[in-house]
Amino acid sequence: MAAIASTSAGIHPFGANAGDGVVPAKKRGIVTWLALAAVAITFATSGIVFSEPAPVDALTIGLIVLLPTIGLVAFNRGLLAFGALWLVAGAGAMIAATFSHSPQPTNIHVAVTIYLYAACFVLAGFVAYAPRAHAKLILNAWTVAALIAAAAALIGYFGLLPGASELFTRYDRATGTFKDPNVLGPFLIVPIVYLLSAALELPFRRMIVPLGIAGFLMLAVFLSFSRGAWINLVVTLAIFGYLAMATSRQSIVRLKIIALLALGGIMAATVVLAALSNDQVRELVSQRASLDQSYDTGSDGRFGGQAKAIDLILEHPLGIGAQEFTARYHHEEVHNVYLTIMLSAGWLGGGIYWILVGLTLVLGLRHAMRAGELRLLFIAVYAVFAATAFEGIIIDSDHWRHFYVLMALIWGMMTASDGAVAMPQQRRAPRIVGDRRPEFIGGRRGRLVGTAPHPA
């Protein structure tokens, strides 16, 4: 306990003691290092999604098995409840699948859904085990993937290599290493805000590198010409800036935030004006900026399809099965994840999805306002999640992998705060099921499942 107390002398600019969340050092074995390397590789390749299943899916399934087996997860009460809700949501999807007239595509979709739910639960436990170290591992690897995807997007859009345009663009929009420009943009926003949060913790002279990388990624988001991604980025930056300002205790940090907002606005305006000097870009921006596209209106348009979806939801409480809407009722997807999930999993599974998103938003906001060493990092992740949840109103994001990773990061950091502050220096060897005796460590009851975190 003295070792923990001795680290808390400094005050963090966002209201935390310097020692918050730090646990005594523990030597890592070769298996642990290999597992951490596997996590890094998984997220570093998460941006390569030319087709599905993608390489990241096979790697993530491996992590679902590996991480709990070697004890690199901490499943506390909060996460057990979180996992139980996902289990019920998966059951709702399976029940709805029995009403499908096309079992094969429905069953494939449900299998992917359950895999994403399981990945969200396990990754949340992984983050809870060592919040700072594991969250930054995931986000650093995610940044590498974003740089690869953005570089490919720009190479393809500007035709810098032979054949690059055909491979890295679609409908004259940058897709990078994704098959859909509407997914590329939101995927890049996470590292953008992560880099901004990192810049705030650096001296002014050292902020240029993360800000330069963030600017590069912003250009790729712009060239994806995704209205949803543009809105997502604006909402994310607004939430991040507000929460960072509201929770900061130091004037210098607030000054940095204001300077970043001003600099970001100037950079964004410069990039947009430079891009608009190109006739092709100007025409596409004019087309994409319109909120009244020809495919949005009418009974066969997007809004007409959503009206059909609402009627079907009211008529079928148990759902109609995944992929049935496009196969039998409308020529395209609903373009609203909250309606889509009700069709695919019924009132039960869809309701649980709504509840989990709502709980993440409410509990996450409450956690963001609490002092903690990881508060700025948490705010960055939370801001992107909130904006992505908002974007779900206009797009089907139920199979967006990064959405579930964001939720895992939030729940992992939230629940870890209940037991990761003060741990004894000596613990038993890692095991999947921990001691069930009621122990109070640092003023809180010990974990039911999992092991103590290693150094964050």
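The values are calculated or read from the model by the stated rules, or taken from the named source; none is laboratory data. The structure displayed is predicted, hence computed values, not measured ones. Every residue, glycine as well, gets a Cβ built from its backbone with ideal geometry; the counts of neighbours run over all protein chains shown.
For segment 69-94, what are the residues that are touching a residue at least 60 places away in the same chain (Cβ under 8 Å), in a helix (DSSP H, G or I), under 29 Å from ALA37 (Cα atoms) and of a type in the set (A, V, I, L, M)?
LEU79, LEU80
Name the helices (runs of 4 or more DSSP H) wholly inside segment 175-249 in which the number of residues that are under 18 Å from ALA146 (Cα atoms) and touching a Ser or Thr at 6+ places or on another chain (Cβ under 7 Å) is 2 or more. Walk me through how you get there before you give the answer.
On the way: elements: 181-200, 208-223, 227-247.
Of the helices (runs of 4 or more DSSP H) lying wholly inside segment 175-249, those with at least 2 residues that are under 18 Å from ALA146 (Cα atoms) and touching a Ser or Thr at 6+ places or on another chain (Cβ under 7 Å) span 181-200.
Consider THR326 carefully, then state whether it is of a type in the set (S, T, N, Q) and surrounded by fewer than 17 Cβ atoms within 10 Å (Cβ to Cβ).
Working: of a type in the set (S, T, N, Q): yes; surrounded by fewer than 17 Cβ atoms within 10 Å (Cβ to Cβ): yes.
When the stated conditions are applied, THR326 passes them.
Can you say whether VAL271 is surrounded by 13 or more Cβ atoms within 10 Å (Cβ to Cβ) and at pLDDT below 90, as far as the supplied structure shows? Even if it seems obvious, please write down each step before you answer.
Numbers: surrounded by 13 or more Cβ atoms within 10 Å (Cβ to Cβ): yes; at pLDDT below 90: yes.
Yes, satisfied.
Restricting the search to segment 335-353, which residues are farther than 10 Å from ALA89 by Cα and of a type in the set (Phe, Trp, Tyr)? Outline the logic, then answer.
Kept after step one, since they are farther than 10 Å from ALA89 by Cα, are these residues of segment 335-353: 335-340, 342-344.
Correct list: TYR338 only.
Could you identify the single residue in GLY349, GLY364, GLY412 that is assigned to a helix (DSSP H, G or I), in contact (Cβ under 8 Å) with a residue 24 or more places away in the chain and touching a Pro at 6+ places or on another chain (Cβ under 7 Å)?
Values: GLY349 fails: touching a Pro at 6+ places or on another chain (Cβ under 7 Å); GLY364 fails: touching a Pro at 6+ places or on another chain (Cβ under 7 Å).
On inspection, the qualifying residue turns out to be GLY412.
What number of residues within segment 367-406 are assigned to a helix (DSSP H, G or I) and either touching a strand residue (DSSP E or B) at 6+ places or on another chain (Cβ under 8 Å) or not β-branched (Val, Ile, Thr) (or both)?
Looking only at segment 367-406, we keep the residues that are assigned to a helix (DSSP H, G or I), and these are 367-368, 375-391, 401-406.
With either touching a strand residue (DSSP E or B) at 6+ places or on another chain (Cβ under 8 Å) or not β-branched (Val, Ile, Thr) (or both) added as a condition, the list becomes 367-368, 375-378, 380, 382-383, 385-387, 389-391, 401-404, 406.
Count: 20.
Please verify whether ALA153 is among the hydrophobic types (A, V, I, L, M, F, W, C), touching a strand residue (DSSP E or B) at 6+ places or on another chain (Cβ under 8 Å) and buried (at least 22 other Cβ atoms within 10 Å of the Cβ), treating the condition exactly as stated. Explain how you work it out, then say what you get.
Values: among the hydrophobic types (A, V, I, L, M, F, W, C): yes; touching a strand residue (DSSP E or B) at 6+ places or on another chain (Cβ under 8 Å): yes; buried (at least 22 other Cβ atoms within 10 Å of the Cβ): yes.
So ALA153 passes the test.
Out of segment 95-151, which residues are under 20 Å from ILE410 (Cα atoms) and assigned to a loop (DSSP other than H, G, I, E, B)?
Within segment 95-151, ALA130 is the sole residue that qualifies.
Residue check, ILE95 against (1) surrounded by 14 or more Cβ atoms within 10 Å (Cβ to Cβ); (2) at pLDDT below 90; (3) more than 22 Å from the chain's Cα centre (by Cα), all met but one. Which one?
Among (1) surrounded by 14 or more Cβ atoms within 10 Å (Cβ to Cβ); (2) at pLDDT below 90; (3) more than 22 Å from the chain's Cα centre (by Cα), ILE95 violates only (2).
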